[in-house]
Amino acid sequence: MLLVVEQFLNGLQFGLLLFLLAAGLTLVFGIMDLVNLAHGSLYMMGAYFAATFVAWTGSFVLGALMALGATLLLGIVLEVTALRHLYGRDHLDHVLATFGLILFFNEAVRLIWGPAGLALPLPAWLTVPVQLLPGIYYPAYRLAIIVVALLVALLLYLGVMRTRIGMLIRAGASNREMIGALGINIKLLYTLVFGLGAALAGLAGLMQAPILTVQIGMGENILILAFVIIVIGGIGSIRGAFLAAIFVGMIDTLGRAFLPNLLRQVLSSTAASTAAPALSSMLIYLLMAIVLVVRPEGLFPANRR
Amino acid sequence: MKGLSVSKAVTALMLAGLVLLPLYSSLSGNIFILTLFTRIVILALAAASLNLIMGYGGMMSFGHAAYLGIGGYAVGILAQEGVGSGFVQFPVALAASALFALVIGALSLRTRGVYFIMITLAFAQMAYYVASGLARYGGDDGLTVYKRSDFSGLVNLSDRVQFYYLCVACLLGVIFLIWRVVNSRFGLVVQGLRSNEQRMQAIGFPAKRYQLVCFVISGTMCGLAGALLANNTDFVSPAVMYWTRSGDLMVMVILGGMGTLFGPVMGAVVYLVLEELLSQVTEYWALIMGPLLLLVVLFGRGGIMGLLGRVGRG
């Protein structure tokens, strides 16, 4: 029972983290129609910035905030110098150009921080277990991730749905010429959206950093997961990304936790223990394949253009 | 016309270079260059196979590395189980790749655009994880191929020069095949589907069936590259199928010039030679390679082939 609750929360936490990454990806994709493979690099940079700034300042919160700002800035610089020239081009151009950026970022990190990974230690007040229910404890830091990510999700939803900028963003997604003709600075709007997406990726990276090692290429696996999520959820749909992210986070975590035991019921224990890791890694891709075969546009397609 | 002749001349020069390379290698005693180019020729074959569906068919497969792995594992697993004959290994590698392509293609072709890119990627990732789970065949660590495919004296794959020429022959054979396919009625239909699927369907062509056949041909060709690659490295591991490898293949195709017969070969040669040269200059070669790719996209439309065409026109 205890294990089930804990794994359930882990799944939720992982799912929310994936949502932060997927939200930025789907915003940029849905609004600017830009396939950004380098999104995972921004996640990685967020983690490296955090590890550096926390060590510098000695304060976890201050370092994290600085890292957030740095990723936002990096995103803006990236958009202005390189990516804005790719709007309206073929998706394949995006793939090639941003694949190049992945190479660049991985190598830049190796040059600056060296090939070995970094660790981001947690402050003492975030390492204590919190009692959720009598007898059920959960690490404070993972709980904090859940809270922060839920807050960000809420803000994002309100921001896109209820504010003037959000309205412009949605309008720009459906007709960029029209919104430009209305006298809105669409260039600036796009830069802002990209910066926001970068900051979200950076946030995901810096929050994940204390749980995993900060290392080169850490963005690549998780980038593919984020793509899986936006494809399952329907490209350009924040709501779809949210639901799909939670779903994928749960399936991945619960699959890894319980699949070995499940398989042991039907297979010999050696066969089960070899098959389980591969099968649990595959689950998500299997899910995506099934979704795409049944609903080629994803589960919650954004409004047609 | 002049533009055409410049790219033709460069292509001919490149092919002559590839064929004469062993001569240079033995005269200069530079064995390394032969090893390097064996790998380049094999990956050029894979890129050419991707170009068939991507450049001519408009199907952006982001999981082509899966066939490299399947072809490779067919050779590796058979060798491990004591079946050393290339006459068995290679057909099995091709058949396995074809079968995988048939299943994946049938499912993937229900989607289009970015969704197609992602679903092909998803299936390739699944193949990657299956290979990682093959505990009997090395799992994550990969599988060493202790003995190269045995063609009972016809060609000796352990002989560097013979193996190199086998790879070049395979590459040229595949390109000839692609040329035949593209210019056949079948190929014209597939290219028509790229530019306007609805119209082709309205004329009465069963679009998906044509695309699927093309997809399977491409996957089978790439499986051949995989079988050669396993022989070249004497090793096969899940890493061959990792998605960045599919990205590499895509880069080669786009860099060289999509939808041109020899573009992918050019792309593979330039990309891999550049990688080699840059890595000799600096350990941090990707720092230069990355932005270079970005610049190619921004300023070099149509890849190297397109560039050569423009140079020719002056």
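Taking only Cα atoms of segment B:1-62, what ratio of Rg to Rh do you get with Rh as the Kirkwood inverse-distance radius? Spell out each step's value before the answer.
On the way: Rg = 15.3 Å, Rh = 13.7 Å.
That ratio is 1.11, to two decimals.
Hey, got the Cα dimensions of segment B:16-136 along the principal axes, in Å, largest first?
On the principal axes, segment B:16-136 reaches 53, 38, 24 Å in Cα extent.
Within segment B:207-314, what whole-number % of the accessible surface is contributed by carbon and sulfur, with the 1.4 Å probe and all protein chains included in the calculation? List each step's numbers first, then the result.
Numbers: 2580 of 3820 Å².
Roughly 68 percent, rounded to a whole number.
For B:LEU143, which sequence-distant residues (separation of 5 or more, or a different chain) have an amide H within less than 5 Å of its own amide H, given hydrogens modelled in the peptide plane?
Amide H neighbours of B:LEU143: B:VAL236, B:SER237.
If I take the Cα coordinates of segment A:164-305 and project them onto the principal axes, what are the three extents in Å, biggest first?
Principal extents (largest minus smallest coordinate, Cα): 68, 37, 20 Å.
Based on the mean of other beta carbon atoms within 10 Å per residue, what is the order of A:158-164, B:134-140, most packed first?
Details: A:158-164: 12.1, B:134-140: 16.1.
Output ranking for A:158-164, B:134-140: B:134-140, A:158-164.
Once the principal axes of the Cα atoms of chain B are found, what is the range along each, listed largest first in whole angstroms?
For chain B, the Cα spread along each principal axis is 52, 44, 39 Å.
At q = 0.20 Å⁻¹, what is the log10 ratio I(q)/I(0) for segment B:211-314, with the Debye formula run over Cα points and no solvent?
Relative scattering, expressed as log10 I(q)/I(0), comes to -1.20.
Give the accessible surface of chain A per residue, rounded to a whole number of Å², with probe radius 1.4 Å and ligands, DNA and RNA excluded. Before the final figure, lay out each step's value.
Numbers: 12910 Å² over 305 residues.
About 42 Å² of surface per residue is accessible.
Mind checking segment B:255-314 for trypsin sites (Lys or Arg not before Pro) that DSSP puts in a loop (not H, G, I, E or B) and that have at most 15 other Cβ atoms within 10 Å?
Details: sites: B:ARG301, B:ARG310, B:ARG313; in loops: B:ARG301.
Passing both the DSSP loop test and the Cβ count: B:ARG301.
Give me the extension gain from B:GLN162 to B:GLN280: residue separation times 0.36 nm, minus the current Cα-Cα distance, reported in nm with one decimal.
Numbers: separation 118, 0.36 × 118 = 42.48 nm, distance 2.78 nm.
Length difference between fully extended and current span is 39.7 nm.
Per residue of A:287-300, count partner chain C-beta atoms within 10 Å of its C-beta, then hand back the mean as an integer. Kindly include the intermediate steps, with their values, before the conclusion.
Numbers: counts 1, 8, 8, 1, 2, 9, 6, 1, 2, 9, 3, 3, 0, 0.
Whole-number average of other-chain Cβ neighbours for A:287-300 is 4.
Rounded to the nearest angstrom and ordered from largest down, what semi-axes does the equivalent ellipsoid of segment A:115-220 get from its C-alpha gyration tensor (root of 5λ)?
On the way: eigenvalues 278, 78, 14 Å².
Output for segment A:115-220: semi-axes of 37, 20, 8 Å.
Of all accessible surface on segment B:98-195 at a 1.4 Å probe, what whole percent is carbon and sulfur? It would help to have the intermediate numbers written out before the result.
On the way: 2810 of 4710 Å².
Of the solvent-accessible surface of segment B:98-195, carbon and sulfur hold 60 percent.
Which value, in debye to the nearest 20, describes the size of the charge dipole of chain B about its Cα centre when Lys and Arg Cβ atoms bear +1, Asp and Glu Cβ atoms bear -1, and nothing else is charged?
In debye, rounded to 20, chain B gives about 1280.
Which order do the peptides B:262-268, B:235-241 come out in when sorted by mean C-beta neighbours inside 10 angstrom, highest first? Mind dumping the intermediate values first?
On the way: B:262-268: 27.9, B:235-241: 23.6.
Going from most to least packed, we get B:262-268, B:235-241.
Charges at C-beta only: +1 for Lys and Arg, -1 for Asp and Glu. How large is the resulting dipole of segment A:101-212 about its Cα centre, in Debye rounded to 20? Numbers along the way, then the final one.
Working: 7 positive and 2 negative charges, 54 e Å.
Dipole about the Cα centre, nearest 20: 260 debye.
Which value, in nm² and rounded to one decimal, describes the direction-averaged projected area of the C-alpha convex hull of segment B:80-125? If you can, show how the numbers build up before the last one.
Working: hull surface 15.7 nm².
Taking a quarter of the hull surface, the average projection is 3.9 nm².
Rg over Rh of segment B:155-292, using C-alpha atoms and the Kirkwood radius, what does it come to? Show your work: numbers first, answer last.
Working: Rg = 18.0 Å, Rh = 17.4 Å.
Answer for segment B:155-292: 1.03.
Kindly point out which whole DSSP H helices in chain A project their C-alpha atoms 15 angstrom or further along the helix axis while averaging a Kyte-Doolittle hydropathy of 1.0 or above. Before the final figure, lay out each step's value.
Numbers: long enough: A:2-32 (44 Å, 1.91); A:39-57 (27 Å, 0.78); A:60-81 (31 Å, 2.17); A:91-113 (32 Å, 1.09); A:140-162 (32 Å, 2.15); A:164-174 (16 Å, 0.70); A:186-208 (33 Å, 1.57); A:218-233 (23 Å, 2.32); A:238-266 (39 Å, 1.07); A:269-294 (34 Å, 1.83).
Qualifying helices, which must be both long enough and hydrophobic enough, are A:2-32, A:60-81, A:91-113, A:140-162, A:186-208, A:218-233, A:238-266, A:269-294.
For a protection proxy built on the mean count of beta-carbon atoms within 10 angstrom, sort A:83-92, B:154-163 highest first, please. Don't jump to the answer; show the numbers that get you there.
On the way: A:83-92: 16.5, B:154-163: 15.0.
Top to bottom by mean Cβ count within 10 Å: A:83-92, B:154-163.
Using only protein heavy atoms and a 1.4 Å probe, how much accessible area in total is buried between B and A, to the nearest 100 Å²?
On the way: alone 14970 and 14900 Å², together 25860 Å².
Protein heavy atoms only, the B-A interface buries about 4000 Å².
Can you tell me the dipole magnitude for segment B:88-157 around its Cα centre, using point charges on the Cβ only (Lys, Arg +1; Asp, Glu -1), in Debye to the nearest 20? Please list the in-between numbers first.
Numbers: 5 positive and 3 negative charges, 39 e Å.
Dipole size: approximately 180 debye.
Taking 0.36 nm per intervening residue step and subtracting the Cα-Cα distance, what contour gain separates A:LEU286 from A:ASN261 on full extension? Intermediate results must be reported in sequence, preceding the final value.
Working: separation 25, 0.36 × 25 = 9.00 nm, distance 1.98 nm.
Working it through step by step, the gained length comes to 7.0 nm.
What does the average come to when, for each residue of peptide B:126-139, you count the partner chain Cβ atoms lying within 10 Å of its Cβ? Before the final figure, lay out each step's value.
Numbers: counts 9, 2, 4, 10, 5, 1, 4, 9, 2, 7, 1, 0, 0, 3.
Mean partner shielding for this stretch: 4.
I need the fraction of alpha carbon pairs in segment B:183-244 separated by more than 16 Å, rounded to a whole percent. Spell out each step's value before the answer.
On the way: 1087 of 1891 pairs.
For segment B:183-244, the fraction of Cα-Cα distances above 16 Å is 57 percent.
Averaged over its residues, how many other protein chain Cβ atoms are within 10 Å of peptide A:272-279's Cβ atoms?
Going residue by residue through A:272-279 and averaging, the value is 4.
Extending each Cα 7 Å along its Cβ direction at A:MET178 and B:VAL273, get the distance between those two points in nm, one decimal.
Using points 7 Å along Cα→Cβ, the separation is 5.2 nm.
Which semi-axes, in whole Å and largest first, does the equivalent ellipsoid of segment B:88-153 have when worked out from the alpha carbon gyration tensor as the square roots of 5 times its eigenvalues?
On the way: eigenvalues 164, 61, 13 Å².
Ellipsoid semi-axes (Å, largest first): 29, 17, 8.
So, R0 is 30 Å and r is the distance between the beta-carbons of A:LEU111 and A:ARG162; what FRET efficiency does that work out to, to 0.05?
About 0.10, to the nearest 0.05.
Within segment A:201-221, what residues put their amide N at less than 18 Å from the label point 7 Å along the Cα-to-Cβ vector of A:LEU143?
Hits in segment A:201-221 for A:LEU143 at 18 Å: A:211.
Once you place label points 7 Å from the Cα toward the Cβ at A:SER59 and A:LEU299, how far apart are they in nm?
Placing both labels 7 Å beyond Cα along the Cβ direction yields 4.0 nm.
PRE reach from B:LEU20 (point 7 Å along Cα→Cβ): which of segment B:239-279 fall under 12 Å by backbone N?
none
Cα-Cα pairs above 34 Å in chain A: how many percent? Can you show the working numbers first?
Numbers: 10682 of 46360 pairs.
More than 34 Å apart: 23 percent of the Cα pairs in chain A.
Can you give me the distance in nm between label points at B:ALA169 and B:ARG112, each placed 7 Å from the Cα along the Cα-to-Cβ direction?
A separation of 4.3 nm, rounded to one decimal place.
When averaged across all projection directions, what area in nm² does the alpha-carbon convex hull of the protein assembly as shown cover?
Working: hull surface 125.2 nm².
With every direction weighted equally, the projected area is 31.3 nm².
The values are calculated or read from the model by the stated rules, or taken from the named source; none is laboratory data. All of these numbers come straight from a predicted model, not from anything done at the bench. With ideal geometry, Cβ positions are generated from the backbone for all residues, glycine too; neighbour counts draw on all protein chains shown. The accessibility values were calculated without ligands, DNA or RNA, using every heavy atom of the protein model including side chains. Shrake-Rupley method; radii C 1.70, N 1.55, O 1.52, S 1.80 Å.
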